[in-house]
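Here is the structure we will look at.
The values are calculated or read from the model by the stated rules, or taken from the named source; none is laboratory data. Note that this is a predicted model, so its numbers are computed, not measured. Cβ placement follows ideal geometry from the backbone for every residue including glycine, while neighbour counts extend to all protein chains displayed.
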Amino acid sequence: MQLYIIRHGQSYHNALWAKNQSENGRLADPHLTEIGEKQADHLARYVAEADCLAPPSGVHNPHNRYGYHLTHLYSSLMLRAVQTGAVLAEALAMPLLAWPIIHEWGGIMGNDAETGEPLPQPGLNRAFFAEHFPRLVLPSDLGGEGWWGKRPFEPRENSYHRAKQFIHELLQRHDGTDDRVALVTHGGFTGMMLQVIFNTQESNTSLRAAETQTWLVSNNTSITRLDFEEDRILMMYQNRLDHLPANLITY
């Protein structure tokens, strides 16, 4: 199995933080910005055009210069991920398969006007997704209520255990196959997945100081590739942005 981890395009929250270093004015389920939409377009065009190139005979393709040839395309159900994935699915003429477990830590949260505490929201529902994203294949149990269902706020550290569950499910579906699986997901969850895969969960001590944090950076619409072979896992590349011009690179 080849696994391609793709971060969504720039969201309203990403732009808000870049501008003000603040979450004041945040939305429960932020949408892509105009820049994020352009990033998604560049990503989709790049992947689709690469798939049209035939590699010379005998040439290995470790950096996907001769195509990705995805067999499965999954997305979180957070709006920014679905918007990004839908553009890619359209360019590749393939279904976008919802996989709710790959959502960002925290969940779908507004803010309590009085306390400022996270206030769970339901999330988007089947009718909304069906109207706006015709290539999105939804879970059979998603109905009129939103997919998040007003669950409590998920602390960042708790998403490590969710990432472990996801990797287990991923291997059940695709391990030992020639599948080329792409996930459109989120920066925080990508970091947790990589910690699970490489068994590098953060401890209370670090090389520098107890308060130092380690982050695996994923820029908007970056691509990370992992190859799951019989006896090893190879990180072929991480956080690649070949498809973006310099003026569209954001975090």
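Okay, here's what the table says:
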read-out	value
Search result, residues across segment 133-160 that are among the small types (G, A, S), surrounded by 12 or more Cβ atoms within 10 Å (Cβ to Cβ) and part of a loop (DSSP other than H, G, I, E, B)	G143, G146, G149
Residue within segment 46-56 that is closer than 30 Å to R162 by Cβ and under 14 Å from the mean Cα position of the chain (by Cα) present	no
Selection count, segment 82-126, where residues are over 20 Å from L43 (Cα atoms), modelled with pLDDT of 95 or more and among the charged types (D, E, K, R)	2
Answer from A130, A163, A91, A182 - the residue that is over 23 Å from Y68 (Cα atoms), surrounded by 16 or more Cβ atoms within 10 Å (Cβ to Cβ) and out of contact with any Ser or Thr (no Cβ under 8 Å at 6 or more places or on another chain)	A163
Enumeration of residues in segment 140-187 that are under 22 Å from Q238 (Cα atoms) and among the aromatic types (F, W, Y)	Y160, F166
Strands (runs of 3 or more DSSP E) wholly inside segment 1-99 that include at least 2 residues being free of Cβ contacts under 8 Å to residues at least 40 places away in the same chain and under 22 Å from W148 (Cα atoms)	none
